[in-house]
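Below is one structure, written out as structure tokens, with a few remarks after it.
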Amino acid sequence: MPTAVSDPVVAETPIEPQRKTKAFNSFQIAQTQFDKVAEYLGLDPATRELLRYPLREYQFAIPVRMDDGSVKIFRGFRVQHNDARGPGKGGIRFHPQETIDTVRALSMWMTWKCAVVDIPLGGAKGGVICDPHNLSAREQEQICRGWVRQVARNVGPITDVPAPDVMTNAQHMLWILDEFEHIHGGRFPGFITGKPVGMGGSQGRTEATGYGVVFTLREALKELDLRPENTSASVQGFGNVAQYAIELYQRLGGKVIAVSCWDQADQTSYTYLKREGVNLEQLLSITDRFGGINKEKAKSLGYELLPGDAWLEQNVEILIPAAIENQITGDNVGKIKPSVRIIVEGANGPTTPEADTQIRQRGILLIPDFLANAGGVTCSYFEQVQSNMNYFWEKDEVLGKLDVKMTAAYFAVSELARREKLYMRDAAYAIAIGRVAKACHERGWV
Ligand code: NAD
């Protein structure tokens, strides 16, 4: 069982793709993506206007007495893009470069992500402009408590449910929950997800994203009439998502011949190749908690050390980018071998638009990020349900329900893609946006 990564309860939400350019505005990108699908779906002008912008936004000050006695004012945000299908869901990020537009975009992407897996939640996102590296634990606690004091009346188990995200973790969630419960005078574990197991967290959350990736992959293989035992895969990343994806794919009979990861000491990435198939347990025993493999030990275990992007150039049927954004680009997409039949995006935004166009032209089946890696948010939804009931399921039950949800979501997207001859990414957006638009219509909003 993979164990090398310590705090997997992060990033249930998309990170913004294409973060490289200076002028990049993620909210404009999110709106452009939306406009394209709205056109395809023929949405009426009022629905377009409604869904192009968040329903509600909160921007506020969080005064904190610092350890040196001075008072510092932090800026906080919560954006609720849409809650027509259920309470808002989305993480709280601590980031020095946080902006309202980033939070808006991320909240919109959460709406589509929850809708594509058909969980009864909407999209929201929050943040604080701060850098936890320069803050003591007490100062971070004050920011968490200050954040929720400002929005305590506008969030909650039946309105808007936060989660950990970039630079926030289970401890931050417990501080926020504790303050919320002080304000409202009760116990409301369903207010927040990403809690530790035993404090309202769900079994199976650690495995959920990686397993979800493979549940969708398993269905894609069936559609292409490929048996897992006759396939091999190459994986970028060896963190939480990659480790559990590899574990389940190997249990299905597949062979992983290469993994790549970041090397902190050399400040570059390497690919570790073993043609007869990597041994997961052995690799985990030489991997740090950030998903970095010890290269000397790997070499002594017979792994061939190759440049970081060699993972993309292997003669395999399946590629699993599960590291970071913008990895398959216009420059390297041509290196993908003709043997590749499926790309399943474990990471958020691993494929740039130029690469996307070529992958589509080559007829490779691509399972898009916000479908493939939605196992995390689906399990967070299960955490919310269990917390609201105050009754917690065994791991098998959680993972069984996760399989059902992910498989159904895959089928819906794949069926539409086939019927309308759409690329899987476009089909996934069409389903998600169509569902949210329908909920807004049925409520009589537009
Ligand atoms: P992680 O931090 O546990 O692991 C990241 C891995 O990527 C590490 O092995 C690291 O060495 C590797 N990596 C970093 N830069 C690399 C590079 N340039 N080349 C090769 N490898 C590199 O992260 P994670 O939780 O596994 O998340 C991976 C991706 O999946 C991210 O895009 C994240 O946003 C997304 N995601 C994660 C979850 C979740 O529940 N963990 C849910 C949805 C989406």
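The values are calculated or read from the model by the stated rules, or taken from the named source; none is laboratory data. None of these values were measured; they are calculated from a predicted model. Note that we place each Cβ from the backbone using ideal geometry, even for glycine, and neighbour counts take in every protein chain shown. For the accessible areas, the whole protein counts, side chains as well, though only heavy atoms, and no ligand, DNA or RNA atoms are used. Shrake-Rupley method; radii C 1.70, N 1.55, O 1.52, S 1.80 Å.
Mean separation of Cα pairs under 8 Å and 6+ residues apart, divided by the residue count of the range 278-366: what relative contact order is that in percent?
Once normalised by length, the contact order is 24 percent.
Test of understanding: given the chain, find the longest segment containing no chymotrypsin sites (Phe, Trp or Tyr not before Pro) that are in a DSSP loop and have at most 15 other Cβ atoms within 10 Å.
Working: sites that count: Phe24, Phe290, Tyr391, Trp445.
Value returned for the longest uninterrupted segment is 25-289.
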### Relative contact order %, the chain, counting alpha carbon pairs below 8 Å whose residues are six or more apart
19 percent
### Task
Taking DSSP loops as anything outside H, G, I, E and B, show the longest stretch in the chain free of GluC sites (Glu not before Pro) there with at most 15 other beta carbons within 10 Å.
1-275
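Can you tell me what percent of all Cα-Cα pairs in the range 300-446 are more than 22 Å apart?
Working: 5614 of 10731 pairs.
I get 52 percent for the Cα pairs in the range 300-446 exceeding 22 Å.
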### Summary
Treating every alpha carbon of the range 251-380 as one equal point scatterer without solvent, the Debye formula yields log10 I(q)/I(0) values at q = 0.09, 0.18, 0.22 Å⁻¹ of -0.27, -1.08, -1.43
### Query
P(r) of the range 215-260 in 10 Å steps, Cα pairs, percent per bin?
27, 58, 14
### Query
In nm, to one decimal, how far is the Lys297 label point from the Asp35 one, both placed 7 Å along Cα→Cβ?
5.1 nm
#### Entry: Loop-resident sites, the range 207-316, for trypsin sites (Lys or Arg not before Pro), counting at most 16 other Cβ within 10 Å (DSSP)
Arg275, Arg289
#### Entry: the range 81-183: projected area of the alpha-carbon convex hull, averaged over directions, in nm²
6.2 nm²
## Note on the structure
Here, Ser70 and Glu229, labelled 7 Å along Cα→Cβ, have an inter-label distance in nm of 6.7 nm
### Task
Would you please classify the overall shape of the range 403-446 from the alpha carbon gyration tensor, given that a ≥ b ≥ c denote the square roots of the eigenvalues, rounded means a/c under 1.5, and beyond that prolate means a/b larger than b/c while oblate covers the rest?
oblate
### Query
On the accessible surface of the range 102-185, probed at 1.4 Å, how many percent belong to carbon and sulfur atoms?
49 percent
### Query
Taking R0 as 35 Å, what's the FRET efficiency between Tyr391 and Phe411 from their Cβ-Cβ distance, rounded to 0.05?
0.75
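Pairs Lys113/Lys395; Lys89/Lys255; Lys36/Lys395; Lys195/Lys255: which exceed 31 Å Cα-Cα? Walk me through the numbers before you get to the answer.
Values: Lys113/Lys395 23 Å; Lys89/Lys255 36 Å; Lys36/Lys395 40 Å; Lys195/Lys255 34 Å.
With Cα atoms farther than 31 Å apart: Lys89/Lys255; Lys36/Lys395; Lys195/Lys255.
If Rh is defined by the Kirkwood formula over all Cα pairs and Rg also comes from Cα, what ratio Rg/Rh do you get for the range 38-141? Spell out each step's value before the answer.
Working: Rg = 16.6 Å, Rh = 15.1 Å.
Result: Rg/Rh = 1.11.
To the nearest 500 deg cm²/dmol, what mean residue ellipticity at 222 nm is calculated for the chain from DSSP H runs of n ≥ 4 alone, each contributing -39,500 (n - 2.57), summed and divided by the residues? Each step should come with its number before you reach the end.
Working: 14 runs with 186 residues, N = 446.
Calculated from helices alone, the mean residue ellipticity at 222 nm is -13500 deg cm²/dmol.
Which FRET efficiency value, to the nearest 0.05, is calculated for Met199 and Leu252 with the Förster distance at 35 angstrom and r the Cβ-Cβ distance?
Working: r = 33 Å, r/R0 = 0.95.
For Met199 and Leu252, the calculated efficiency is 0.60.
Quote the convex hull volume per residue of the chain, based on C-alpha atoms, as a whole number of Å³.
Numbers: hull volume 63.5 nm³, N = 446.
Normalising the Cα hull of the chain by residue number yields 142 Å³.
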#### Entry: Net dipole in debye of the chain [+1 Lys, Arg Cβ; -1 Asp, Glu Cβ; about Cα centre; nearest 20]
560 debye
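Pop out the Kirkwood hydrodynamic radius of the range 244-305 from its pairwise C-alpha distances, inverse of mean 1/r, in Å to one decimal. Kindly include the intermediate steps, with their values, before the conclusion.
Numbers: mean 1/r = 0.0840 Å⁻¹.
After inverting the mean inverse Cα-Cα distance, the result is 11.9 Å.
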### Query
Which three semi-axes in whole Å describe the equivalent ellipsoid of the range 42-81, each the square root of 5 times a Cα gyration tensor eigenvalue, listed largest first?
39, 6, 5
## Note on the structure
Residue-ordered couplings for the range 362-374, obtained by feeding phi - 60° into the Karplus form 6.51 cos²θ - 1.76 cosθ + 1.60 and rounding to whole Hz (Gly and Pro as x), are 7, x, 6, 7, 10, 9, x, 3, 6, 8, 4, 9, 6
### Karplus-derived HN-Hα couplings along the range 172-187 (A = 6.51, B = -1.76, C = 1.60, θ = phi - 60°), whole Hz, x at Gly and Pro
4, 5, 5, 5, 5, 4, 4, 5, 4, 5, 4, 5, 9, x, x, 10
